[in-house]
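A.B. asks: Quick one: the structure is below, questions incoming.
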Amino acid sequence: MASTETREWTCADCGVVARFDRPGVEKPDGWAKDGGQWRCLGCRREKVITDAMTTPDDAGRAATRHAIAEFELLRDPDASDGQVAKRAKTSPAIIRPIRAELRASGRLPDPDATD
Ligand SMILES: [Zn+2]
């Protein structure tokens, strides 16, 4: 077997670098490759927010909250409503219907597995 290899990811947006020297790490948590370039979790969140903020009023803010909640639910479907709410900086009451909506549309796995 090859010796330990340090792998490195650089975020194309903010330049933050993530390094792992253990094998089996596919990518840093929450990072994704987009158009051949890596983006960190922070920048991906930013993008979700920016994309949702087409209207700078209450509707826009609600859309932003909804988009970020969706993003967090899809990223980590096993997280509880409370955990997702914390990450999305909102309340579990906001998360619950969005999770139900994602399940109904088939974008999240069936809820029978865990509850
Ligand atoms: Zn970044």
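A.B. asks: Which Rg and Dmax, in Å, describe the Cα atoms of the stretch 53-104?
C.D. replies: In order Rg, Dmax, the Cα atoms of the stretch 53-104 give 10.6, 32 Å.
A.B. asks: Just the isolated ones, please: cysteines in the chain lacking another cysteine beta carbon under 4.7 angstrom.
C.D. replies: Cys with no partner Cβ under 4.7 Å: Cys14, Cys43.
A.B. asks: Please give, to one decimal in nm, the separation of the simple spin-label points placed at Arg107 and Glu46, each 7 Å out from Cα toward the Cβ.
C.D. replies: 2.3
A.B. asks: When a footprinting reagent is the concern and you count Cβ atoms within 10 Å, what order do Arg45, Arg96 take, fewest first?
C.D. replies: Values: Arg45 20, Arg96 14.
Placing the least packed residue first, the sequence is Arg96, Arg45.
A.B. asks: At a 10 Å Cβ-Cβ cut-off, how would you order Asp13, Asp51, fewest neighbours first?
C.D. replies: Working: Asp13 16, Asp51 12.
Starting with the residue having the fewest Cβ neighbours, the order is Asp51, Asp13.
A.B. asks: Let me ask something else. Rounded to two decimals, what is the ratio between the C-alpha radius of gyration of the stretch 10-115 and 2.2 N^0.38 Å? Walk me through the numbers on the way to the answer.
C.D. replies: Numbers: Rg = 15.2 Å, N = 106, 2.2 N^0.38 = 12.9 Å.
Dividing the Cα radius of gyration by 2.2 N^0.38 Å gives 1.18.
A.B. asks: Can you give the FRET efficiency for Cys14 and Leu74, using 1/(1 + (r/R0)^6), R0 = 25 Å, r = Cβ-Cβ distance, to the nearest 0.05? Intermediate results must be reported in sequence, preceding the final value.
C.D. replies: Values: r = 22 Å, r/R0 = 0.87.
Computed FRET efficiency for Cys14 and Leu74: 0.70.
Read-outs: derived from the displayed coordinates by stated rules, not from any lab. This one's a predicted model, so the numbers in the text were calculated from it and none came from an experiment. Here Cβ is always computed from backbone atoms with ideal geometry, including for glycine, and neighbour counts include all displayed protein chains.
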